[in-house]
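Report on the following structure.
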Amino acid sequence: MSALSIIIDTDPGQDDAIALLLAAASPELELLGVTTVAGNVPLALTTLNACKVMELAGRRDVPICAGADRPLDVPLVTAEHVHGDTGLNGVQLPEPTLAVDPRHAVDFIIQTLREREAGTVTLCPLGPLTNIALALRQAPDIAPRIRRIVLMGGGFFEGGNVTPAAEFNFYVDPRAAHEVFTSGVPITMAPLDVTHEALTTAARIEAIRAIGNRVGPVVAAWMEFFERYDEEKYGQDGGPLHDPCVIAWLLRPALFSGRDCNVRIETASELTRGMSVVDWWAVTGLPANAQVLRHVDSDGFFALLTERLSRLG
Ligand code: RIB
Ligand code: CA
């Protein structure tokens with residue numbers, strides 16, 4: 001079976017970084033490029049972090065293109081309180097030697113979709129959806145060429161993590177999320193409902209630390225830093241490992257369960273800005289526009305993640 005061609009759009013962020021490593025270690029995936037967006041930390045840092053992570057992964061072959069430095073129509077909100085001032089706190093990685101590709105992320109996404117056979121490229125947004133929305137605005141012809149958008153964002157039964165109503169990625173750029181969910185492109189959505197089941201417990205972190213390569217201790221340190229905020233907030237053993245759920249779904253969809261739903265994004269209300277209104281019980285009669293993941297086999301997820309990380313240097 002040929003590899004699945006993907007572009008990861010990301011705002012590293014420790015969980016984004018682990019998702020990048022998982023993708024880099026998985027031969028089932030052809031990683032065409034990494035595009036960066038402002039989110040967890042400003043664009044300059046998300047781009048620097050993407051370079052550090054891809055160098056750690058030994059994947060200097062993958063172009064890294066910087067994208068939007070702010071949301072479509074609201075001021076940027078970042079999350080240094082969660083990810084630290086660098087966005088990758090927990091371990092100090094060396095300054096990268098690989099160069100950022102000069103193409104803008106949006107141009108790279110459009111060019112790649114136009115050059116590749118229609119229906120063969122999957123977009124994997126792990127942060128605010130600004131780059132994806134800009135690409136769809138700039139080149140509406142790419143929409144039918146996108147195989148699927150598999151994204152981390154939103155929440156329904158779990159509510160929000162940045163406001164009571166909204167998850168961070170959709171809160172930062174609600175207009176972009178709205179435009180993606182009304183684009184007609186097939187979507188698989190990994191919301192807080194599923195990522196909150198993927199908890200970085202002490203035992204799981206120790207298993208990763210003990211892998212026996214350079215990557216294991218780095219990922220364990222990121223998990224320990226990243227989870228401290230959520231452990232206190234949710235009062236449980238470990239924090240939710242959000243973004244790697246996107247890559248794990250591509251690799252092992254059977255680990256996940258969910259259903260096709262209509263999903264709309266709140267863009268007008270200040271109180272519920274960025275809320276993903278998921279019609280889980282199909283009460284609106286509106287057509288489904290997203291496959292919404294609800295549960296994951298967390299032991300299977302971490303077994304997959306640990307095994308794949310062990311393949312790296
Ligand atoms: O709400 C979780 C999401 O926001 C994750 O993608 C995390 O990296 C942050 O971007
Ligand atoms: Ca992210």
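What follows draws every value from the coordinates through simple rules; no lab data is involved. Keep in mind it's a predicted model, so treat the numbers as computed, not measured. Note: ideal-geometry Cβ built from the backbone for every residue, glycine included; neighbour counts use all protein chains shown.
Before moving on, here are some points about what is shown:
- No other residue among Val62, Val106 is part of a loop (DSSP other than H, G, I, E, B), at negative phi, away from ligand 1 (no atom under 16 Å from the Cβ) and surrounded by 15 or more Cβ atoms within 10 Å (Cβ to Cβ) apart from Val62.
- Within the stretch 36-49, the set of residues being in contact with a helix residue (DSSP H, G or I) (Cβ under 7 Å, 6 or more places away or on another chain) and among the aliphatic types (A, V, I, L, M) comprises Val37, Ala38, Val41.
- All positions within the stretch 7-35 that are part of a loop (DSSP other than H, G, I, E, B), touching a helix residue (DSSP H, G or I) at 6+ places or on another chain (Cβ under 8 Å) and either among the aromatic types (Phe, Trp, Tyr) or away from ligand 2 (no atom under 12 Å from the Cβ) (or both): Ala25, Ser26, Glu28
- Selected residue [within 11 Å of ligand 1 (Cβ to nearest atom) and either part of a loop (DSSP other than H, G, I, E, B) or within 17 Å of Thr267 (Cα to Cα) (or both)] from Gly184, Gly127: Gly127
- Filtered residues of the stretch 265-313 (kept if surrounded by fewer than 16 Cβ atoms within 10 Å (Cβ to Cβ), assigned to a helix (DSSP H, G or I) and not aliphatic (A, V, I, L, M)): Asp299, Gly300, Glu307
- In this entry, Ala176 passes the filter for residues that are within 22 Å of Asp107 (Cβ to Cβ), within 16 Å of ligand 2 (Cβ to nearest atom) and part of a helix (DSSP H, G or I).
- Restricting the stretch 3-20 to residues that are away from ligand 1 (no atom under 14 Å from the Cβ) and not β-branched (Val, Ile, Thr), the residue that is farthest from Ala177 (Cα to Cα): Ala3
- Gly238 being out of contact with any strand residue (DSSP E or B) (no Cβ under 9 Å at 6 or more places or on another chain), surrounded by fewer than 24 Cβ atoms within 10 Å (Cβ to Cβ) and either at positive phi or not hydrophobic (A, V, I, L, M, F, W, C) (or both): no
Yes or no, residue by residue, for (1) in a loop (DSSP other than H, G, I, E, B); (2) farther than 23 Å from Arg148 by Cβ:
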position	(1), (2)
Ala38	yes, yes
Val41	yes, yes
Pro71	yes, yes
His81	no, yes
Asp85	yes, yes
Ile110	no, no
Leu123	no, no
